[in-house]
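The values are calculated or read from the model by the stated rules, or taken from the named source; none is laboratory data. In this text, all values refer to a predicted model and were calculated from it rather than measured experimentally. All Cβ positions, even for glycine, are placed from backbone atoms using ideal geometry, and neighbour counts span all protein chains on display. For the accessible areas, the whole protein counts, side chains as well, though only heavy atoms, and no ligand, DNA or RNA atoms are used. Shrake-Rupley method; radii C 1.70, N 1.55, O 1.52, S 1.80 Å.
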Amino acid sequence: MRTLKIALLAAIAVASVSAASVELVAGGGTGEPGVSAHDIHFVEPFGVAFDRAGNLFVIEYVGGRLIRIDKAGKTSLVAGDEAFNEPHAIVMNGADQLFIADTHNNRVLRRDVATGNTVTVAGNGEKGYSGDGGPANEAAFNGIYAIDLAPDGKQLYVADLTNKRIRRIDLASGIVTTIAGNGQEGVPADGAVAADSPLVDPRAVTADSDGNVYVLERRGNALRVVDKDGRIRTLIKPGDITPDLKGPKHLCLDRNGNVIIADAENHLVRRYDIKTGKTTTIIGTGDAGLTLDAANPLKTQVTRPHGVYVRADGALYVTDSYNHRILRVTDY
């Protein structure tokens, strides 16, 4: 009986792994907006977001375009590179307002999906650091590479990379505050006050419903967390996992609160389990390439993935940036 039980558990484990699948959502073609999703040519996409109707929005950080893909799979150009300067990330709120990290214009824009009306919610357009405690649209930022909304949609988090800070904007008042980073480069001590601590180079940020804010560092090759009391801890640092993080670019949370990491220079997407502290690979072989194995994400190649996003149904969207395509992974 014990042997049968072990065999049954092993079969279930294998079945759960084999249930994972990956598919091409968009990109890899040669066409311009107006063609089908599989025929469009992206130029190094970074961020994705969905509106309430299920339309997919994609931002390119090199192409500089904001592209919409409707539920029928047709693409259209929403805004071109004349509107942005190497934007890196987008996030949608529950009112179909799209926030755009306009990286090298040092600002965050908010665009109403229905009307197209666009306003600046953060950044005065000048490169620098200023404005804490005042209106975010009058403050100076320097290198906004990633943004994310709190789960309740009331705060916007900004990875102000060159300033080596994580900043939070209260969207009701418009006031900006630094919650992590003192502007100095260095590794923070576990348990220290996050706002008084150094950071290496905070590339991405996301927050959970318990008030924890996760920070991903690119050159630091580290994952850190700021708890609701404002104290910082390192969750992954060099030497903790194999292979070490290598130039990670973005992160998000799955439905269980685990951290999904776009480990760009390792050509992997990985998951950090917040309960066990273990890190596993979701997609990628570790080698750059174009191979897509629909039945096995671990045999699918990605090349410098720069963006990750988990939809409410649990599906993971990966911006496979240097392959110029968007992939969807399910049952991972």
Exercise for review: Highest first, please rank the peptides 286-296, 132-142 by the mean number of other Cβ atoms sitting within 10 Å of their residues.
Suggested key: 132-142, 286-296
Practice item. Two decimals is fine: what is log10 I(q)/I(0) at q = 0.12 Å⁻¹ for the range 65-161, from a Debye sum with one equal scatterer on every Cα and no solvent? Key: -0.38
Review point. Per 10 Å bin, what percent of the C-alpha pairs of the chain does each bin hold, from zero upward?
Key: 6, 27, 35, 22, 7, 2, 0, 0
Study note, to complete from the structure: In whole Hz, the Karplus estimates of ³J(HN,Hα) for the range 111-120 (6.51, -1.76, 1.60; θ = phi - 60°; x where Gly or Pro) are 10, 7, 4, 6, 9, x, 4, 10, 10, 8
Review point. Given the range 74-120, what whole percent of its Cα pairs are spread farther than 12 Å?
Key: 62 percent
Review point. Projected area of the range 132-188, taken from the Cα convex hull and averaged over every viewing direction, in nm²?
Key: 4.0 nm²
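Sort the following peptides by mean Cβ neighbour count (other Cβ atoms within 10 Å, averaged over residues), highest first: 259-265, 155-161. Intermediate results must be reported in sequence, preceding the final value.
On the way: 259-265: 24.6, 155-161: 26.3.
The most tightly packed comes first, giving 155-161, 259-265.
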Check your understanding: Roughly speaking, what % of Cα-Cα pairs in the range 213-332 are separated by over 25 Å, rounded to a whole number?
Key -> 17 percent
Practice item. Starting from the alpha-carbon convex hull of the range 134-289, give the projected area averaged over all orientations, in nm². Key: 9.1 nm²
Point to revise | Given charges at Cβ of Lys, Arg, Asp, Glu: the chain dipole, positive-most of Val318, Gly31, Phe50 | key: Val318
Point to revise | Hits among aspartates and glutamates - C-alpha to C-alpha of Lys164 under 15 Å, sequence gap 8 or more where chains match | key: Asp132, Glu185, Asp196, Asp201, Glu217
Study note, to complete from the structure: Rounded to the nearest 10 Å², the accessible area of Val43 using a 1.4 Å probe with every protein chain kept is 50 Å²
Check your understanding: Which of the lysines could a cross-linker bridge to Lys228, judged by Cα under 18 Å and excluding same-chain residues fewer than eight apart?
Key -> Lys154, Lys275
Exercise for review: Mind ranking 91-104, 269-282 by how tightly packed they are, going by the mean number of other C-beta atoms within 10 angstrom, highest first?
Suggested key: 91-104, 269-282
Exercise for review: Put one equal scatterer on each alpha carbon of the range 20-98, apply the Debye formula with no solvent term, and list log10 I(q)/I(0) at q = 0.13, 0.22 1/Å to two decimals.
Suggested key: -0.36, -1.02
Review point. For the range 33-155, what is the charge dipole size about the Cα centre, in debye to the nearest 20, if Lys and Arg each add +1 at the Cβ and Asp and Glu each add -1 at the Cβ?
Key: 260 debye
Check your understanding: With every protein chain present, what is the per residue accessible area of the chain (1.4 Å probe, Å²)?
Key -> 42 Å²
Check your understanding: Under the Karplus relation 6.51 cos²θ - 1.76 cosθ + 1.60, θ = phi - 60°, what is the ordered set of whole-Hz ³J(HN,Hα) values for the range 279-295, x standing for Gly and Pro?
Key -> 10, 10, 8, 9, 8, x, 9, x, 10, 5, x, 10, 4, 10, 9, 4, 8
